[in-house]
1. Dipole magnitude of the range 150-216 about its Cα centre, charges +1 at Lys/Arg Cβ and -1 at Asp/Glu Cβ only, in debye to the nearest 20?
2. Which Cα, out of 250, 194, 90, lies furthest along the positive dipole direction of the chain (beta carbon charges, K/R +1, D/E -1)?
3. Roughly how much of residue 107 is accessible, in Å² to the nearest 10, using a 1.4 Å probe?
4. With N set to the residue count of the range 97-224, report its C-alpha Rg divided by 2.2 N^0.38 Å to two decimal places.
5. Using only the Cα atoms, what convex hull volume per residue in Å³ does the range 167-250 have?
6. Nothing charged except the Cβ atoms of Lys and Arg (+1) and of Asp and Glu (-1): what's the magnitude of the dipole of the range 11-262 about its Cα centre? Round to the nearest 20 debye.
7. Would you report the distance distribution of C-alpha pairs in the chain as whole percents per 10 angstrom bin, up to the bin with the largest distance?
8. Roughly how many Å² is the accessible area per residue of the chain, as a whole number, for a 1.4 Å probe?
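The values are calculated or read from the model by the stated rules, or taken from the named source; none is laboratory data. It should be emphasised that the depicted structure is a prediction, and the values quoted were computed from it without experimental measurement. Cβ placement follows ideal geometry from the backbone for every residue including glycine, while neighbour counts extend to all protein chains displayed. These area figures cover heavy atoms from the full protein model, side chains too; ligands, DNA and RNA do not enter into them. Shrake-Rupley method; radii C 1.70, N 1.55, O 1.52, S 1.80 Å.
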Amino acid sequence: MENTKLKESGYTDRHIHLFMEGQPLTASEIDRFTKILLEFNIKEIYDMGSRDGLGFKIRRYLEHTPITLRTCGYALYREGGYGSFLGRPVKDRDDIKRHIDELYRRDADFIKVINSGIISTEGRVTEGGFSEEELRIIVEEAHEKGLKVFCHVSSAERIIEAINAGVDSVEHGFFMTEEALHMMKERDVTWTPTIYALVCFANTLDGRKREILEGIVRNHIKMVSLSKQLGVRINIGSDSGASGIRHGVAFFEEKKILFHLFK
Ligand SMILES: [Zn+2]
């Protein structure tokens with residue numbers, strides 16, 4: 001597993017948002033945010049994007065602390081699809097080029113792309129994402145500049161498309177399949193399964209909806225266990241900052257689940 005060891009005497013959370021309870025961090029919250037991370041000894045964080053590219057500002061601020069922030073600035077999402085609070089809309093090849101040029105100029109640490117919606121309370125993946133061809137162009141542009149592509153993606157088909165397009169990391173990856181895991185192993189694509197975030201979501205529901213979500217959690221956990229057998233590299237990412245997912249606490253919950261599965 002990647003990032004499980006203390007790194008320069010601190011942990012790495014590979015998937016966070018510079019939000020508190022789903023709202024972008026305000027200037028007055030940054031000190032509190034920093035304090036929480038340090039209390040949990042988290043010293044490296046990967047920011048998965050915000051519409052206003054908050055990560056660029058906060059990265060500079062955190063330079064004066066023991067925390068290293070790696071940021072995508074803002075994510076790229078398909079115009080009209082899911083992702084408006086995480087990034088900027090893209091509609092064609094020119095947009096892709098323009099945004100990746102800008103992100104490169106602003107020294108983004110990686111590119112984050114949104115290739116599906118999220119899981120609904122009915123247990124389906126909502127609308128969003130690019131065509132495989134568009135995604136391929138994004139990956140080509142990013143790789144040309146030496147930037148890795150982290151891909152928010154759920155649903156069996158979308159995950160396969162993302163791997164085929166050449167992304168470097170699958171974020172969330174709900175509805176993972178064995179076929180996709182084999183492809184990831186072959187192409188050295190990492191996976192950040194954000195299991196705890198999915199569990200938290202299931203816990204907000206009641207009745208039939210909850211049962212459906214709990215079934216999705218069980219399958220997800222099964223796939224994560226299989227990833228270990230197949231040798232797919234897994235990252236610990238909490239998705240903290242999203243509503244109901246607390247910074248620091250969520251990282252250790254995710255770590256606990258993964259250690260339990262992998263022991
Ligand atoms: Zn996220």
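1. Once rounded to the nearest 20, the dipole reads 220 debye.
2. It is 250, whose Cα lies furthest towards the positive end.
3. 100 Å²
4. The reported ratio for this selection is 1.11.
5. 89 Å³
6. So the dipole magnitude of the range 11-262 works out to roughly 540 debye.
7. Bin by bin from 0 Å, the calculated values are 7, 32, 38, 20, 2.
8. I get 45 Å² per residue for the chain.
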